[in-house]
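This report concerns only the one structure given below.
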Amino acid sequence: MTQPFREIQKERICPCGSGLSYGSCCRPRGIKWGTNAEGSLVKQIKLSDDTAEMLEEHLKQLEQDLGRPLQDDDLLFPELAAMDEDELTATIIKHLTGAGIDTAFIYAFQQTGLLITEENQERVPNADRSLWDQAVADYRAMQN
Ligand SMILES: [Zn+2]
């Protein structure tokens, strides 16, 4: 699970598509862009304390179920990996609807594949944010 990550230079144009330099765009908001062991561009987002705690619990439970320590090629969310994309989308929408989420946000999720909340919006790249805002605006326009 540990892979060499090389952060891109601060002066570089930010990969999120904002047109700003990385050092004044995603980096100060806790989104790290860099290359992985295969040389592909990836982003790392710092987890909030709550999320990190939940993830740690989840991994402990997984090791217990397996009866052994996790290995590099273990799937961390086997129940999600077993679903195809449509099932996954349907499952997420069911949870969102059940949680009483604004239908405009559910629409935006279907359109963009993103899920932007008040909690994570500061860590979302600007370009993704624009896509999301546009989808929400489109939905509101359709309702009028
Ligand atoms: Zn950026």
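Would you please put 28-36, 43-51, 95-103 in order of how densely packed they are, using the mean number of other Cβ atoms within 10 angstrom per residue and starting with the highest?
Descending packing order for the listed peptides: 28-36, 43-51, 95-103.
Could you tell me the center-to-center distance, by alpha carbons, between segment 12-62 and segment 114-144 in angstrom?
For segment 12-62 versus segment 114-144, the Cα centre distance is 19 Å.
Give the Kirkwood hydrodynamic radius (Å, one decimal) of segment 1-46, defined as one over the mean of 1/r across all pairs of different Cα atoms.
After inverting the mean inverse Cα-Cα distance, the result is 10.7 Å.
Remind me, relative contact order of segment 87-138 in percent, using alpha carbon pairs under 8 angstrom and six or more residues apart?
Averaging sequence separation for qualifying contacts and normalising by length gives 35 percent for segment 87-138.
Only Cα pairs under 8 Å and at least 6 apart count here; give the relative contact order of segment 4-131 as a rounded whole percent.
Normalised by residue count, the contact order of segment 4-131 is 24 percent.
Test of understanding: in a Gaussian network model of the chain with alpha carbons linked when under 10 Å, which of Gln110, Gln121, Gln61 would top the mean-square fluctuation ranking?
Ranking Gln110, Gln121, Gln61 by mean-square fluctuation puts Gln61 first.
List the lysines whose Cα sits under 16 Å from the Cα of Lys10, skipping any in the same chain fewer than 8 residues away.
Output for Lys10: Lys32, Lys43.
Let me see the pair-distance distribution of segment 83-144: every alpha carbon pair, 10 Å bin width, integer percents in order.
With 10 Å bins starting at 0, P(r) equals 22, 51, 27, 1.
Please provide three numbers in whole Å: the alpha-carbon extents of the chain along the principal axes, with the largest listed first.
55, 44, 27
Enumerate by residue number the GluC sites (Glu not before Pro) in segment 16-64 meeting two conditions: DSSP loop (anything except H, G, I, E, B), and at most 16 other Cβ atoms within 10 Å of the site's Cβ.
Answer in residue order: Glu38.
Throughout, read-outs are computed from the coordinates displayed, never taken from laboratory work. Remember, predicted model here, so these are calculated numbers, not experimental data. So basically every Cβ, Gly included, is an ideal-geometry build from the backbone, and we count neighbours across all protein chains shown.
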